[in-house]
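Asks: Can you read through this structure? Questions will come right after.
Derivation of every value follows stated rules applied to the coordinates shown; laboratory data play no part. Because the structure is predicted, anything quoted here is derived from the model rather than measured. All Cβ positions, even for glycine, are placed from backbone atoms using ideal geometry, and neighbour counts span all protein chains on display.
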Amino acid sequence: MSKTPIAVLGAGFIADIHLESYRRFVPEAEVVAVYTRQPRKAEAFAQKHHVPRWFSDLDAAITQSGCAVVDVCLPNFLHHRAVTAAARAGKHVIVEKPLALNLAEADEMIAACRAARRQLFYAEELCFAPKYERVRQLVNEGAVGKIFQMRQCEKHSGPHSDWFYDVNQSGGGALMDMGCHGIAWFRWMLGGRPKAVSVQAQMQTGLLHRGRTRAEENSLVIVEFEGGALGVAENSWAKPGGMDDRVEVYGTGGVVYADLFLGNSALTFSEAGYGYAMEKAGSTKGWSFTVFEEAFNQGYPQELRHFIECVRTDQPPVVTGEDGRAVLEILMAAYQAARTGQKVTLPFPTKAARPVDLWLGEPTA
């Protein structure tokens, strides 16, 4: 079978990661074109990654590149336009987080891909990160009993590109940027599509980027899921000292701590024991260091290879546009909860144009 042709839309940090992932880890795919709005930047980006064609017109990149899959690595406010255009052109779509700026856009994107009978993959890499997948395997093996609380923490001193700080382009701050990861991961750990029943949140701004953004720089969100499990997402653009990305899982029979970037194991305590023991470890009961598979830590190659295989075999991906919409709805409820100081129940229908408007008290569209 010939390689699946890909058009990558975007030329920023995440597009770099996707291009590198395709080149090194997804031999079934071939990036045939890249797009960005500035012609010189598009050409330079194509040359950097040895891509044969480049475009500065979005529609042309989709319709004239010969691609079968469109990989959307654009700023948040362009996701809706790119995904619906790709669907109209009969292309399968990968879209980076967050899915869209609002629920109306999300619904239109999902409907467009469904009407075209094209796959829509919500690219949540934490559902594929090897170390975090080892944690999920432990849970599925019963190593920690029934989950009653999870924590996902992602913090650094601020994004790499200016558009993140402009709420008109981003739709929100640290929560919109990184909290979507934690919320998606909570749902993944609980079986993929659990119902969220309520959200509480607190947000802060004016900490490290005063005058640069109206969005939240620091956020704490608590999501309650059906069955009683809690997910605590901590996100910050105001933490000095580099990237911090870690998870904790608390169950009735054990606990797991895993740091995405530090070390090659997850610190686990299990009353019952689990699976196989690490070399020279006599038992998996009590505290142990659970080794994860040697692979690209963050899960980008794994998620892209998964979706290309789905396209080639006509199978649905494990993370879909509907999952992205569910994450977005929880995000919207969190911004509302941060403004009111009250728990917000779900479902949470809203016509807000951007999640951050619910926190800032801006009028809805």
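Asks: Work out the length of the dipole vector of the chain about its Cα centre, built from +1 on the beta-carbon of each Lys and Arg and -1 on the beta-carbon of each Asp and Glu, and round it to the nearest 20 debye. Walk me through the intermediate numbers first.
Replies: On the way: 38 positive and 41 negative charges, 63 e Å.
That gives the chain a dipole magnitude of about 300 debye.
Asks: Taking the dipole about the Cα centre of the range 51-185, with the C-beta of Lys and Arg at +1 and of Asp and Glu at -1, give me whichever of 74, 60, 138 is farthest to the positive side.
Replies: The residue sitting most towards the positive pole is 138.
Asks: Pulled fully out, how much extra length does the chain show between residue 243 and residue 309, if you take 0.36 nm times their separation in residues and subtract their Cα-Cα distance?
Replies: Numbers: separation 66, 0.36 × 66 = 23.76 nm, distance 3.13 nm.
Here the answer is 20.6 nm.
Asks: I've got another one for you. Just to be sure I understand: with springs between alpha-carbon atoms less than 10 Å apart, which residue in 128, 307, 348 has the highest mean-square fluctuation in the Gaussian network model of the chain?
Replies: 348
Asks: I've got another one for you. Among 224, 28, 329, which one shows the highest mean-square fluctuation when the chain is modelled as a Gaussian network with alpha-carbon springs under 10 Å?
Replies: Top of the fluctuation ranking is 28.
Asks: Determine ³J(HN,Hα), in whole Hz, for all residues of the range 302-312 in sequence, where each value follows from phi through the Karplus function 6.51 cos²θ - 1.76 cosθ + 1.60 and θ = phi - 60°; x replaces Gly and Pro.
Replies: Karplus values, whole Hz, x for Gly and Pro: 5, 5, 5, 5, 4, 6, 4, 5, 4, 5, 6.
Asks: List the trypsin sites (Lys or Arg not before Pro) within the range 10-46 that DSSP assigns to loop and that have no more than 12 neighbouring Cβ atoms inside 10 Å.
Replies: Working: sites: 23, 24, 37, 40, 41; in loops: 37.
Passing sites in the range 10-46 do not exist.
Asks: Karplus couplings for the range 7-13 from phi (6.51 cos²θ - 1.76 cosθ + 1.60, θ = phi - 60°), rounded to Hz, Gly and Pro as x?
Replies: After applying 6.51 cos²θ - 1.76 cosθ + 1.60, I find 10, 9, 9, x, 9, x, 4 Hz.
Asks: Right, here's the next one. What per residue convex hull volume, in Å³, do the alpha-carbon atoms of the range 1-100 yield? Can you show the working numbers first?
Replies: Values: hull volume 8.8 nm³, N = 100.
Looking at the range 1-100, the number lands at 88 Å³ per residue.
Asks: Convert 37 °C to kelvin, take the viscosity as 0.692 mPa s, use the Kirkwood radius over C-alpha pairs of the range 101-173 as Rh, and evaluate the Stokes-Einstein diffusion coefficient in µm²/s, rounded to a whole number.
Replies: Numbers: Rh = 16.3 Å.
Using the Kirkwood radius from Cα pairs, D works out to 202 µm²/s.
Asks: Sticking with this structure for a sec: Could you tell me the largest-minus-smallest coordinate of the C-alpha atoms of the range 299-344 on each of the three principal axes, in descending order and whole angstroms?
Replies: Result for the range 299-344: principal-axis Cα extents of 47, 19, 9 Å.
Asks: Another question, then. Set the Förster radius R0 to 51 Å, insert the Cβ-Cβ distance between residue 28 and residue 345 as r into 1/(1 + (r/R0)^6), and round the FRET efficiency to 0.05.
Replies: 0.70
Asks: Please report the antiparallel percentage of DSSP beta bridges with both residues in the chain, rounded to the nearest 5.
Replies: Among the beta bridges of the chain, antiparallel pairing accounts for roughly 60 percent.
Asks: A follow-up question, please. Can you pull out the trypsin sites (Lys or Arg not before Pro) in the range 72-149 that DSSP calls coil and that have at most 10 other Cβ atoms within 10 Å?
Replies: Within the range 72-149, the qualifying trypsin sites (Lys or Arg not before Pro) (loop, at most 10 other Cβ atoms within 10 Å) are 117.
Asks: Work out how much length residue 257 to residue 37 would gain on full extension: take 0.36 nm times their residue separation and subtract the Cα-Cα distance, in nm to one decimal.
Replies: 75.0 nm
Asks: Apply the Karplus parameterisation 6.51 cos²θ - 1.76 cosθ + 1.60, with θ equal to phi minus 60°, to every residue of the range 107-116 and state each ³J(HN,Hα) to the nearest whole Hz, in sequence, with x for glycine and proline.
Replies: So the Karplus estimates, Gly and Pro as x, are 5, 5, 5, 4, 5, 5, 5, 5, 5, 7 Hz.
Asks: Here's a follow-up. Going 7 Å from the Cα of residue 107 along its beta-carbon direction, which residues of the range 304-329 have the amide nitrogen within less than 20 Å of the resulting point?
Replies: What the label zone holds, given the 20 Å backbone N cut-off, is 320-329.
Asks: Name the residues whose placed amide hydrogens come within less than 5 Å of the amide hydrogen of residue 55, ignoring near sequence neighbours (fewer than 5 apart) on the same chain.
Replies: Here 34, 35, 36 satisfy the definition.
Asks: If we count every other residue with Cβ under 10 angstrom of residue 208's Cβ, Lys/Arg +1 and Asp/Glu -1, where does the sum land? Intermediate results must be reported in sequence, preceding the final value.
Replies: Working: positive: 210, 212, 239; negative: 217.
For residues surrounding residue 208, the net value is +2.
Asks: Would you mind ranking 262, 58, 9 so that the residue whose beta carbon has the fewest other beta carbons within 10 Å leads the list?
Replies: In order of increasing Cβ crowding within 10 Å: 262, 58, 9.
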